[in-house]
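Structure first, commentary second.
The values are calculated or read from the model by the stated rules, or taken from the named source; none is laboratory data. None of these values were measured; they are calculated from a predicted model. FYI the Cβ positions are ideal-geometry reconstructions off the backbone, even for glycines, and counts take in every protein chain you see. These accessible areas exclude ligands, DNA and RNA; they are computed on the full protein's heavy atoms, side chains included. Shrake-Rupley method; radii C 1.70, N 1.55, O 1.52, S 1.80 Å.
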Amino acid sequence: MITSVERQKKHPDRFSVYHNDQLIIGISVDILIRFDLRKGLKMTSGLYDRISEEEEKNSVKEYFLRLLGRRDHSRGELKRKALNRGCDPEYIERVLQELDQKGTLDDEAFARKFASDKLERQRWGPIKIRAALMGKGISRQTADRILSDLSDDLELKRICVDLALKRTRHFSKEDDDFKRRKKISLYLQQRGFTHTTINGALPDIISRLNG
């Protein structure tokens with residue numbers, strides 16, 4: 001039987017449930033209200049198991065919401081972080097399904113926003129963006145579709161030209177045309193652009209550097 005329910009001093013949104021002076025379980029305010037836990041209530045083994053299960057599930061949910069409150073995350077990122085934290089895989093999946101159903105999680109929207117930011121602000125190329133998306137649990141098919149929607153060849157070539165021209169002083173130090181082209185190509189490859197896009201942008205880059 002529950003003899004007292006006390007608010008925790010260090011965590012005001014959590015409560016400790018006692019039988020005499022023995023701690024039975026620590027719970028969130030949500031669990032306290034949902035199960036109507038109070039002094040005098042009989043704590044059966046069945047009730048304890050249900051509370052423990054909901055408390056662990058609630059803990060996973062709160063963890064996910066904290067992460068999402070800091071920045072957008074993909075489903076795969078949340079799952080990986082929760083597993084690394086030692087959360088039960090069953091509860092992870094249940095909470096992820098709940099967030100999916102509520103529209104809190106949307107991998108397509110996450111991937112589109114991520115790709116757009118990396119392309120427009122950080123000037124990453126498609127190869128680098130695709131690899132980053134797949135590292136976050138986004139399928140290659142979804143990544144390719146989003147990248148196809150976000151950019152075309154002309155825009156990618158323009159970005160390559162802009163990136164190279166920002167390093168005009170660096171590339172102009174190389175007098176040998178072949179070596180200069182090679183350095184520019186390597187730099188743009190590291191930014192994630194394809195050989196086709198780079199080769200298409202090189203004539204304009206070299207022309208402007210020489211001009």
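What the table shows:
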{"quantity": "Every pair of residues 6+ apart whose Cβ atoms lie under 7 Å, when the first sits in the range 61-88 and is over 20 Å from residue 108 (Cβ atoms) while the second is part of a helix (DSSP H, G or I) and small (Gly, Ala, Ser)", "calculated": "63/82"}
{"quantity": "Any chance residue 113 is out of contact with any helix residue (DSSP H, G or I) (no Cβ under 9 Å at 6 or more places or on another chain) and either open to solvent by less than 50 Å² (accessible area, probe 1.4 Å) or closer than 22 Å to residue 64 by Cβ (or both)", "calculated": "yes"}
{"quantity": "Boolean, residue 24 is of a type in the set (A, V, I, L, M, F, W, C), modelled with pLDDT under 95 and loosely packed, with under 12 Cβ neighbours inside 10 Å", "calculated": "no"}
{"quantity": "Hits in the range 155-189 (condition: of a type in the set (S, T, N, Q) and either touching a residue at least 40 places away in the same chain (Cβ under 8 Å) or surrounded by 13 or more Cβ atoms within 10 Å (Cβ to Cβ) (or both))", "calculated": "168, 185, 189"}
{"quantity": "Among (1) without any contact (Cβ under 8 Å) to a residue 12 or more places away in the chain; (2) open to solvent by less than 60 Å² (accessible area, probe 1.4 Å); (3) under 34 Å from the mean Cα position of the chain (by Cα), the one test that residue 9 misses", "calculated": "(2)"}
{"quantity": "So residue 31, is it open to solvent by less than 50 Å² (accessible area, probe 1.4 Å), out of contact with any Ser or Thr (no Cβ under 9 Å at 6 or more places or on another chain) and of a type outside the set (D, E, K, R)", "calculated": "yes"}
{"quantity": "Qualifying residues in the range 173-211 (those that are polar (S, T, N, Q) and more than 38 Å from the chain's Cα centre (by Cα)) - the one modelled with the highest pLDDT", "calculated": "207"}
{"quantity": "Checklist (1) open to solvent by less than 50 Å² (accessible area, probe 1.4 Å); (2) over 30 Å from residue 163 (Cβ atoms) applied to residue 119, failing item", "calculated": "(2)"}
{"quantity": "Unique match (being surrounded by 18 or more Cβ atoms within 10 Å (Cβ to Cβ) and in contact with a Ser or Thr (Cβ under 8 Å, 6 or more places away or on another chain)) among 209, 202", "calculated": "202"}
{"quantity": "Check on residue 99, within 15 Å of the chain's Cα centre (by Cα), at pLDDT below 95 and either hydroxyl-bearing (Ser, Thr, Tyr) or open to solvent by less than 70 Å² (accessible area, probe 1.4 Å) (or both)", "calculated": "yes"}
{"quantity": "Search result, residues across the range 200-211 that are assigned to a helix (DSSP H, G or I) and free of Cβ contacts under 8 Å to residues at least 12 places away in the same chain", "calculated": "203, 207, 210"}
